[in-house]
């Protein structure tokens, strides 16, 4: 365990003990939010923990529940991927799955989900249904993620809809596992209500909230996740016609000349962003940018201070943007590679505190 991880666990244990002493019992997940002792996502995100269950097994002598290895992996998956509440859809689908396991509902899972989403003012598109089905059947992950959570196949297709798999129903007959999963899902829903309910325009994204590359691929309803290396500064998804742009505002000194893009804000409404190297105005990705409005492409902006930012490894979502019509092809310094500088107008001016933090005023 590295020193940073060790000190983080030490702090987690201290905060946990404070809350336990205050309550006189092992805290429930909701207690962390209610009493504000610590953001429990720190436990989920810690590389040597991954779930509150695992934390309790390792550090709480009074905790006697023990799950099977497969059950523990599923608890970790829901903790790390869904319990932050960044999207309500999977959480509500899990509620349906839990009801199915208890026999209180035998309705098709997506048919039921459509009804559930109405109270949130949301509709389930075909792209989103495909995306969620892939998340819930381990078809969404890329790279090593697919193997890590190979047990996480929760649903299977029927003639007209989806139902829970026999394996997840069998696991849910374990009352301890059921209770842990139910608590996690309810916690995720409460986080959604608190932090993510007011989504922006037609997206499941919230202005100024922070998202990882994987979050963005999932919340833009892509069929599959993309590893960050394959995304680079941006990636166009043909099926959903979404085009997220990711900017590390402060560039590291040791990066190659062909990746030293001088992306910068002109003001809180205007951005200059550079295409990948080796591009001209005729390159297809550049045409998709310059003609995004005509082609029905949604360009979404995500910015972080820098990729080694200790405060945030995630990107702030700054909304949609459109090309102003101004672009310039140039040769990158110290290279023979061309790139295209594009001026963008953001739909929403960046909130003052976020803007000042990013540009370093």
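The values are calculated or read from the model by the stated rules, or taken from the named source; none is laboratory data. The model shown is predicted, which means the values in this text are computed figures rather than measured ones. Every residue, glycine as well, gets a Cβ built from its backbone with ideal geometry; the counts of neighbours run over all protein chains shown.
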Cross-chain or 6+ apart pairs with Cβ under 8 Å, the range 155-172 first and within 18 Å of residue 112 (Cα to Cα) and assigned by TED's automatic domain parsing to the domain that holds residue 94, then in a strand (DSSP E or B) and at pLDDT below 95:
none
I need a count of the residues in the range 89-132 that are part of a helix (DSSP H, G or I) and in contact with a strand residue (DSSP E or B) (Cβ under 7 Å, 6 or more places away or on another chain).
5
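Working carefully through the options 115, 86, 95, 119, find the one that is in contact (Cβ under 8 Å) with a residue 24 or more places away in the chain and over 20 Å from residue 223 (Cβ atoms).
Result: 95 is the single residue among 115, 86, 95, 119 that is in contact (Cβ under 8 Å) with a residue 24 or more places away in the chain and over 20 Å from residue 223 (Cβ atoms).
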Sort out which residues of the range 131-150 are crowded, with 17+ Cβ neighbours inside 10 Å and closer than 20 Å to residue 239 by Cα, and write them in order of number.
131, 132, 133, 134, 135, 136, 138, 140, 141
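Looking at 300, 348, which one is part of a loop (DSSP other than H, G, I, E, B), surrounded by 14 or more Cβ atoms within 10 Å (Cβ to Cβ), in the same structural domain as residue 229 (by TED's automatic domain parsing) and modelled with pLDDT of 95 or more?
On the way: 300 fails: part of a loop (DSSP other than H, G, I, E, B).
The unique qualifying residue is 348.
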Can residue 204 be described as in the same structural domain as residue 349 (by TED's automatic domain parsing) and crowded, with 18+ Cβ neighbours inside 10 Å?
no
